[in-house]
Amino acid sequence: MGRQHTTWISDETWDRLGNIAGESVSKKISNAVKFADPDTMMRHNAQMRQYSIAKSTMRMLAHLLQKKDYQAMDAMLEETEWIWGADVREG
């Protein structure tokens, strides 16, 4: 259950709330607090690093495919199996 509070919010902060997802001011504040949570930030940053590695890997695989270097592609697929979630060479 929630609590009702009276809080002073500057005009600048009030304007910034408009950029945060949520139907109500309460939901906007809740979303802002969730985003600012250190655990959420660490998880988000880890996911962004994974995305960056996956993107670089895809580019390298495309380059190796163009060169028809299937041996290097096979080695790279083994090293990056965590991205695909399974052995893609079997499918």
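The values are calculated or read from the model by the stated rules, or taken from the named source; none is laboratory data. Keep in mind that what you see is a predicted model, and the values were worked out from it rather than measured. FYI the Cβ positions are ideal-geometry reconstructions off the backbone, even for glycines, and counts take in every protein chain you see.
For the range 12-55, enumerate the residues that are more than 30 Å from E81 (Cα to Cα), touching a helix residue (DSSP H, G or I) at 6+ places or on another chain (Cβ under 7 Å) and of a type in the set (G, A, S).
Hits for the range 12-55 are A21, G22.
Got a sec? Which helices (runs of 4 or more DSSP H) wholly within the chain have at least 2 residues that are of a type outside the set (A, V, I, L, M) and surrounded by fewer than 11 Cβ atoms within 10 Å (Cβ to Cβ)?
Numbers: elements: 11-17, 25-36, 38-67, 70-79, 81-84.
Helices (runs of 4 or more DSSP H) meeting the threshold: 11-17, 38-67, 70-79.
Output yes when any residue across the range 20-32 is without any contact (Cβ under 8 Å) to a residue 60 or more places away in the chain and in contact with a Leu (Cβ under 6 Å, 6 or more places away or on another chain), and no when none is. Give the derivation first.
Taking the range 20-32 first, the residues without any contact (Cβ under 8 Å) to a residue 60 or more places away in the chain are 20-32.
Right, trim to in contact with a Leu (Cβ under 6 Å, 6 or more places away or on another chain) and you get 28.
Yes, that holds for at least one residue.
Scan the range 14-42 for residues that are closer than 16 Å to G2 by Cα and of a type in the set (D, E, K, R) and report the count.
Restricting attention to the range 14-42, the residues satisfying the condition of being closer than 16 Å to G2 by Cα are 24-31, 33-34.
Cutting the leftovers down to of a type in the set (D, E, K, R) gives us 27-28, 34.
Number satisfying all stated conditions: 3.
Could you grab me the full set of residues in the range 79-91 that are under 12 Å from L61 (Cβ atoms) and modelled with pLDDT of 75 or more?
E79, T80, I83
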